[in-house]
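Undergrad: I'd like to ask you about the structure that follows.
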Amino acid sequence: MPPLIWEAILTKNQNNMLKQYETVFIMTPVLSDDQMKETVRKFENILRDKGAEIVHQENWGLKKLEYHIQKKSTGFYHLFEFKAEPHVVAELELQYRRDERIMRYLSVALDKDAIAYAEKRRTHGFGQKKETKPELAFEIKREPKYEIKYAVVEEPVEEQIYEPNLDNKEE
């Protein structure tokens, strides 16, 4: 085959390659739990309908915002990690803008290092809170190893009478 045909085939295959993306969106805090789950399902279905493969998703829950967005100080955070063609991300972001329940969103294409980090985060739990030990219902009292005792010894004190030297003579 002539080289131009090979270049056309390679270019066509490169355009059809799926890239890996990560998108985080913040939903308004006035949503009930069911409404929040419905919103997440809506965007999950949009991705699947457009041919995207959802690699991972996390619900980060209700978090305090650093600054107010639409006069709200908290929001429900959700993360999707997926493989798709670039036009799918454009469609997803268009749907984010149209939905009044979404306050903010951010979508990024992941490079190979970010993909490796995301895989470690998923499998090893980076960035997640560690479980704390449950508190005991009773308190353990420990006796000290050494006991310090103080003794006060009173010695009789002789009374001394101070007599000023009125003669201004030195002795």
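The values are calculated or read from the model by the stated rules, or taken from the named source; none is laboratory data. Computed from a predicted model, the values in this text were never measured in an experiment. Cβ placement follows ideal geometry from the backbone for every residue including glycine, while neighbour counts extend to all protein chains displayed.
Undergrad: Output the number of the condition that Phe82 fails; it satisfies all remaining conditions of (1) at pLDDT below 70; (2) outside any loop (DSSP other than H, G, I, E, B); (3) of a type in the set (A, V, I, L, M, F, W, C).
TA: With respect to (1) at pLDDT below 70; (2) outside any loop (DSSP other than H, G, I, E, B); (3) of a type in the set (A, V, I, L, M, F, W, C), Phe82 is out only on (1).
Undergrad: Residues of region 38-89 being loosely packed, with under 15 Cβ neighbours inside 10 Å, out of contact with any helix residue (DSSP H, G or I) (no Cβ under 9 Å at 6 or more places or on another chain) and among the charged types (D, E, K, R), which ones?
TA: Glu38, Arg41, Arg48, Asp49, Lys63, Lys64, Glu66, Lys71, Lys72 - these are the residues of region 38-89 that are loosely packed, with under 15 Cβ neighbours inside 10 Å, out of contact with any helix residue (DSSP H, G or I) (no Cβ under 9 Å at 6 or more places or on another chain) and among the charged types (D, E, K, R).
Undergrad: Taking the criterion of being at pLDDT 90 or above and farther than 18 Å from Ile26 by Cβ, would at least one residue in region 91-103 satisfy it? Talk me through it step by step, then tell me what you get.
TA: We begin by selecting, within region 91-103, every residue at pLDDT 90 or above; these are 91-103.
Next cut, farther than 18 Å from Ile26 by Cβ only: 91.
Yes, region 91-103 contains at least one residue that is at pLDDT 90 or above and farther than 18 Å from Ile26 by Cβ.
Undergrad: Within region 56-101, count every residue that is of a type in the set (A, V, I, L, M, F, W, C), within 17 Å of Glu22 (Cβ to Cβ) and touching a residue at least 40 places away in the same chain (Cβ under 8 Å).
TA: Total meeting the criteria: 7.
Undergrad: Same structure, new question: Restricting to region 90-103, name every residue that is closer than 20 Å to Lys63 by Cβ and either touching a helix residue (DSSP H, G or I) at 6+ places or on another chain (Cβ under 9 Å) or in a helix (DSSP H, G or I) (or both).
TA: Those that are closer than 20 Å to Lys63 by Cβ and either touching a helix residue (DSSP H, G or I) at 6+ places or on another chain (Cβ under 9 Å) or in a helix (DSSP H, G or I) (or both): Tyr96, Asp99, Arg101, Ile102.
Undergrad: Does Val108 count as out of contact with any Gly (no Cβ under 6 Å at 6 or more places or on another chain), aliphatic (A, V, I, L, M) and modelled with pLDDT of 90 or more? I'd like the intermediate steps shown before the answer.
TA: Numbers: out of contact with any Gly (no Cβ under 6 Å at 6 or more places or on another chain): yes; aliphatic (A, V, I, L, M): yes; modelled with pLDDT of 90 or more: yes.
The answer is yes for Val108.
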